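J.: This structure is in structure tokens; I'll ask about it shortly.
We did not get these values from a lab; they are worked out from the coordinates using the rules stated. Just so it is clear, the structure is predicted and the values come from calculations on it, not from any experiment. Note: ideal-geometry Cβ built from the backbone for every residue, glycine included; neighbour counts use all protein chains shown.
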Amino acid sequence: MADALIVLALLAVAGCATSAVLNRDPTRQALVLAVLGTVLAVLFTVLQAPDVGLSQLAVGSALTPLLIMLTVRKVRRRSAAPKDGPE
Amino acid sequence: MSAVLHVLPYLIAAYVFLIGCYGLATSRNLIHAVGCLAVCQSATYVLLLAVGYRDGATAPVFSDLAPGSRPVVDPVVQALTLTDVVVGATVTALLLALTVQISKRHGTVDPDELRELRG
Amino acid sequence: MSRRARLWLVLLGGSGLAALLVAACLRLPAFGGARHPYGDRAVAAALARRTANTIASVNFDQRAFDTMGEMSILFAAVLGCVVLLRQARDEHRDPPRPAEVAAPVRRYALSTLPVALVTGLYVIAHGQLSPGGGFQGGVVAATALHLMYLGADYAALERVRPVEAYEIADALSAAAYLVLGFAGVLAGTAFLANTLLPLGTFNTLSSGGTVPLLNAAIGMEVACAVVVLLARFLDQAVEIVEENVRENGKNGDNGTNGMDGKNGENGENGE
Amino acid sequence: MHRLLPLLPAVPLLGAALLVAGGRRLPRPVAETFGCLVAAVTAALAGLLLLHSTPPQAAWVGGWFPKGGESVGIVLVGDGASLGMVTLVSLLTLAALAYSWHYFDEPPRGHTGSFPALLLLFQGGMCGFALAGDLFNAFVFFELMSVVAYALTGYRIDEAKAVQGALGFALVNSLGAYFMLMGIALLYARTGELGMAKIGQGLDAAAAGRGPDALTLAGFVLFLTGLLVKAAAVPFQFWLPDAHAVAPTPVCMLLSGVMVELGVYGVWRVYGLVFSGPGGIPAADATRALVTLGVLTAAVGAVMCWYQRHIKRLLAFSTIAHTGLFLVGVGVLKAQADEGTALYVLAHAGVKAALFACAGMLLDRYGSVDEFSLHGRARELRGVGIMFGVGALALAGLPPFGTGLGKAVSEEAVGGPLTALYIAASALTGAAVLRVAARVFLGLGPRPGEPRDEEREEDETSGSGEEPETRQRLDRIPATMRSVPAVLLVAALAVGAVPGFAHAVGERVDESGAWGVFSAVHWTAAGILLDLLSTALAVAVAGLAVARPRLLAAPGWALPLRRLQSGHVGDYVAWLLVGVALLGALALPGVLG
């Protein structure tokens, strides 16, 4: 039973990682990364590492995607205005 | 099943690392590249924790477990991974801060369009 | 280099790396093996020091020096972000207009905030006993504070969050961790030695000697660090405007700005 | 005494924390004085411990002394080599702080202490890495110094080049660090230990006479990848010129002077403690891998150095060339080569930092570091010109500079065709710097024209039109800025010229290393002749280039090499992957055999 859970969680991690790399749009990637963070947290809990799971949940599925979203917003807000930067 | 399970976690870690490297090398957007780096790093978490796992063991927390009553998984790799998670988040933050400045100074976050530092 | 050439290089190098990694994986001890010499010693050492959560003992006692480095990384990254995201010469601040928040969202956010905050503090305080500790609790507490942005608006957040104070608290808690280390040297034992305080009773809040103190220092450091980090990024995303961008995009950009900002923010915090 | 070892990283870290806590209220001179003071105290402590480092000491942090040979704590290695590196790091940090005295543009508002605080954090990270005797602890401090270095490189956020160079640096080095961590995980899986010496024993026990297997090889390759990225070995080197050309000058002094060399030091330390046993990587394979990469690095670095016109970038490539030489010296696994390399590293740090300091003065005086547009303009800066020229000659190996002694000892140790590599690389980099000195400070030769047709403008980073790092262009150079390079050059001279110093260094390095004792470090007639040969070559080549620019102008065959340096981070990552595969292939025969 535990083995089956581990295998399942591992495959989900691999799938999410692939999707995170292949989603070239940063906003969508941030969402996929949040999912990846959650799946990783589940995997860690299954692997008997609740401490790591908890911090992965806080960092990987909340903080990192949030920072990415904020960056995307800043970058988008810039490029929405007409460019006259050094091109 | 069990023969596969003996190496599967390691192979998954290796796969995640490789796919992250692929994404990083072929990225068209620096923010996406930073995300790919985070993927690479999650491979290190998986590998470390897989190395420390022990069949039939429980978490090494003795608040509701009599010491010695059950085997526990390796606490050292967990501590290492914990450090690694925090390090990863800070590196991501710093990289994103640099990306913000690049978008201001170059007007783009596409690495193909950055035309400096050649030769 | 052309994109095609780069892809070939990636395939070449990647296949070499893949071969190396797979060969190594096949030689690794089988997953779930029973041989963990360092891990077994660490468990014994944690019990001897009356720390119920072995991971806390490894992080704040046996390998507390690693944690010192890790804390310094966090501290350095925050300082780095403060420096990198400072207001440049050609930028100015443009306070966002107050925005309307839907009542359910406001109620949800403002009622969750104290709960999340207390959860964070609880997780920090019980670090040496149960899963959790300074890192996890610190991040939770800091993120909780930002529910304020969701529930009220940016100006309200700025009021409860004087970034300057958090920066100083960040530095002071980092200093506190180091000073606890120095105390060991001054007491004649060793740097970061856990011999200053009585070890206490197993499985109580005050057990584990200096572990709870170091844990608390880290908790405070992480919480402040994350607050400052988020503040700097929010600052960039909401407030700081470049001169040329503002002039060129003045017409009608303010309205969309406020709107898309709020929507984007709701979407992010929701998941 | 050994109890004080952990203080070496802790003191600067505490200094940085206090500086940030109190920095916003402090006037700038106080913050800067405090920074200098902390760096100086650390240097003094390191020097004191260095004097007591025979026999080598180990410190167990937290008092977790081993019981029955096993400990749960972290060990720090306090031997001549590690403490020597710590002393060098601390002194150079002090020099960088002194150089930046009242130098930058206004610091970020309300953050007076942040630049000195970052430098102190950088110092703490480097000290911790040098002392680490535990693989994961080495990784933590490796990350610390990397993270600070990224922030420092991008410090001038108004500069397009600076932020781009910093991001490339950060992405490539972070990836390298994760390779390192994967290697640590594999080695931990095999041995169940983290202490370097314990892992070495574990590998030997696991191999049990059968020699290494694929797992050991992968651990070796992955861990070394991280270090070699930091050491900027070919093909991991692309980030370095981008970062070093754009970082603030005091930061360049530290990056080129010690941080890159710490990568080589890490290779030396880890091979000696972890992989040199019967269960590790056989000596022949390690030598093949390290020397091959070293030769490539020295050659690429020297050639690219010659074709630069951006002065800081030129110096950065010369650092790559010299790192290649250090890698060769470490790679031959001989006590004598170690001693030579140690002396070379010490003196090179002084010389390179002095040269960067001079380039920084040009930048602040003229707002340019372009060799072409500065032609003859710096005649008035006679003192700086003399220092730049002397530094160039020292780089080429002029006796009795320490660079010359280190080069001579290494040449004798490596022998054969590698001697020619040492002469060629040092002569070519010295010549490039001399050429700059002749054109910029003396105005010799015709004014160089714009590049020829087949060379497009965009293939080049020119270095004109840069922002000075000071508030306004300097009319006169402050005394602190002038005196730092002078002191550094004198120190580099002292490494080679003070009788007994080289011998003492050699003894300490032998004690720390794994290759026995060789105690005859001194000037030999052959060494002096070879040094004079490389210096003469440098003068001749530089003279030719200045007098007849057409003769030595960039030939077509160098263009593809220069195009590889594309400024594109995806390319750099691709090359990193190729480098890992290359490293694995080079070390493979020992595992198969």
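J.: Which GluC sites (Glu not before Pro) in segment C:1-110 sit in a loop by DSSP (not H, G, I, E or B) and have at most 11 other Cβ atoms within 10 Å of their own Cβ?
T.: C:Glu100
J.: Does segment C:1-125 classify as rounded, prolate or oblate by the C-alpha gyration tensor (a ≥ b ≥ c root eigenvalues; a/c under 1.5 gives rounded; else a/b over b/c gives prolate, otherwise oblate)?
T.: oblate
J.: To the nearest 10 degrees, how steep is helix D:80-99 against the longest Cα principal axis of chain D, on a 0 to 90 scale?
T.: The angle comes out near 30 degrees.
J.: Continuing with the same structure: Using the Cα atoms of segment D:132-592, I'd like the radius of gyration and the largest Cα-Cα distance, Dmax, both in angstrom.
T.: Radius of gyration, then largest Cα-Cα span, for segment D:132-592: 21.5, 69 Å.
J.: Moving to a separate point now. Taking the Cα-to-Cβ direction at D:Leu444 and at C:Arg159 and moving 7 Å from each Cα, how far apart do the two end points lie in nm?
T.: Between D:Leu444 and C:Arg159, the label points sit 7.1 nm apart.
J.: Also, quick follow-up: At 0.36 nm per residue, and after removing the present C-alpha to C-alpha distance, how many nm does the segment from C:Met1 to C:Ala34 gain when stretched out fully?
T.: Between C:Met1 and C:Ala34, full extension yields 7.0 nm more.
J.: Then there is this: Under a 5 Å amide H to amide H cut-off, with H placed in plane at 1.01 Å, what residues pair with D:Gly78 once short-range neighbours are removed?
T.: For D:Gly78, whose amide H was placed from the backbone, the distant partners under 5 Å are D:Gln57, D:Ala58, D:Ala59.
J.: Taking the Cα centre of segment A:2-78 as origin, sum charge times position over the Cβ atoms of Lys and Arg (+1) and Asp and Glu (-1), and report the length of that vector in debye to the nearest 20.
T.: Here segment A:2-78 has a charge dipole of around 740 debye.
J.: Report, in debye and to the nearest 20, how large the dipole of segment D:498-576 comes out about its Cα centre when Lys and Arg carry +1 and Asp and Glu carry -1 on their Cβ.
T.: I would put it at about 620 debye.
J.: Quote to one decimal, in nm, the extra length available between D:Val41 and D:Glu70 on full extension: 0.36 nm per residue of separation minus the C-alpha distance between them.
T.: The span from D:Val41 to D:Glu70 would gain 7.1 nm if fully extended.
J.: Taking each pair of distinct Cα atoms in the protein assembly as shown once, what is the resulting Kirkwood hydrodynamic radius in Å? Write out the running numbers ahead of the final one.
T.: Values: mean 1/r = 0.0347 Å⁻¹.
Across the protein assembly as shown, the inverse of the average 1/r is 28.8 Å.
J.: Note down the nm distance, to one decimal, between modelled labels 7 Å out along Cα→Cβ at C:Arg106 and at D:Leu561.
T.: Between C:Arg106 and D:Leu561, the simple spin-label model gives 6.9 nm.
J.: Run the numbers on chain C and let me know its relative contact order in percent, using alpha-carbon pairs under 8 Å that are six or more apart.
T.: 25 percent
J.: Turning to a different aspect of this structure: Have a look at C:Gly188, C:Gly33, C:Gly200 and tell me which one the Gaussian network model of chain C (Cα, springs below 10 Å) gives the largest fluctuation.
T.: With Cα springs under 10 Å in chain C, the top fluctuation among C:Gly188, C:Gly33, C:Gly200 is at C:Gly33.
J.: At a threshold of 8 angstrom on Cα-Cα distance, excluding pairs fewer than six apart, so keeping six or more, what relative contact order does chain D reach in percent?
T.: Rounded, it is 15 percent for chain D.
J.: With a 10 Å Cβ neighbour count serving as the proxy for reagent exposure, in which order, fewest first, do A:Lys74, D:Lys312, D:Lys352, D:Lys67 appear? List each step's numbers first, then the result.
T.: Details: A:Lys74 22, D:Lys312 25, D:Lys352 31, D:Lys67 10.
In increasing order of surrounding Cβ atoms, one gets D:Lys67, A:Lys74, D:Lys312, D:Lys352.
J.: Which whole number gives the average count of other chain Cβ atoms within 10 Å of the Cβ atoms across peptide D:124-132? Let's see the in-between values first.
T.: Details: counts 5, 4, 0, 0, 4, 1, 0, 0, 2.
Partner Cβ neighbours, averaged per residue: 2.
J.: Set the Förster distance to 41 Å, then compute FRET efficiency between D:Val490 and C:Ala48 from the Cβ-Cβ distance, nearest 0.05.
T.: For D:Val490 and C:Ala48, the calculated efficiency is 0.15.
J.: Next up: Using a 7 Å offset from the Cα along the Cα-to-Cβ direction at both C:Gln87 and C:Ala23, what is the distance between the two label points in nm, to one decimal?
T.: For the pair C:Gln87/C:Ala23, the computed spacing is 5.8 nm.
J.: Pop out the ³J(HN,Hα) list for segment D:483-496 in order, Karplus 6.51 cos²θ - 1.76 cosθ + 1.60 with θ = phi - 60°, rounded to Hz; leave Gly and Pro as x.
T.: In residue order, the calculated couplings are 6, 4, x, 4, 4, 5, 5, 4, 4, 4, 5, 5, 4, x Hz.
J.: What list of ³J(HN,Hα) couplings, whole Hz, do you get for segment C:18-33 from phi and the Karplus terms 6.51, -1.76, 1.60, once you set θ to phi - 60° and write x for glycine and proline?
T.: With coefficients 6.51, -1.76 and 1.60, one gets 4, 4, 4, 5, 5, 4, 5, 4, 5, 8, 5, x, 4, 4, x, x Hz.
J.: Using mean Cβ contacts within 10 Å as the protection proxy, how do A:39-46, D:49-56, D:537-544 order, highest first?
T.: Ranking, from highest mean packing down: A:39-46, D:537-544, D:49-56.
J.: Then there's this: Give me the percent of Cα-Cα pairs in segment D:6-68 that sit more than 19 Å apart, rounded to a whole number.
T.: Beyond 19 Å sits 48 percent of the P(r) for segment D:6-68.
J.: Cut-off is 10 Å between beta-carbons; in what order do D:His322, C:His92, D:His568 appear when sorted fewest neighbours first? Kindly include the intermediate steps, with their values, before the conclusion.
T.: On the way: D:His322 32, C:His92 12, D:His568 22.
Lowest to highest Cβ neighbour count: C:His92, D:His568, D:His322.
J.: Could you bin all the Cα-Cα distances of segment D:309-453 into 5 Å bins starting at 0 and give me the percent of pairs in each, rounded to whole numbers?
T.: 2, 11, 20, 21, 16, 12, 9, 6, 3, 1
J.: With 18 Å as the cut-off, how large is the P(r) tail for segment A:2-78, expressed as percent of Cα-Cα pairs? Could the numbers behind the result be given before it?
T.: Working: 1282 of 2926 pairs.
Summing the P(r) of segment A:2-78 above 18 Å gives 44 percent of all pairs.
J.: Under the rule a/c < 1.5 gives rounded, and otherwise a/b versus b/c splits prolate from oblate, where does chain C land using the Cα gyration tensor?
T.: It comes out oblate by the Cα gyration axes.
J.: Another question about this same structure. Counting other C-beta atoms within 10 Å, which of D:Met253, C:Met68 has the fewest, and how do the rest follow?
T.: Starting with the residue having the fewest Cβ neighbours, the order is D:Met253, C:Met68.
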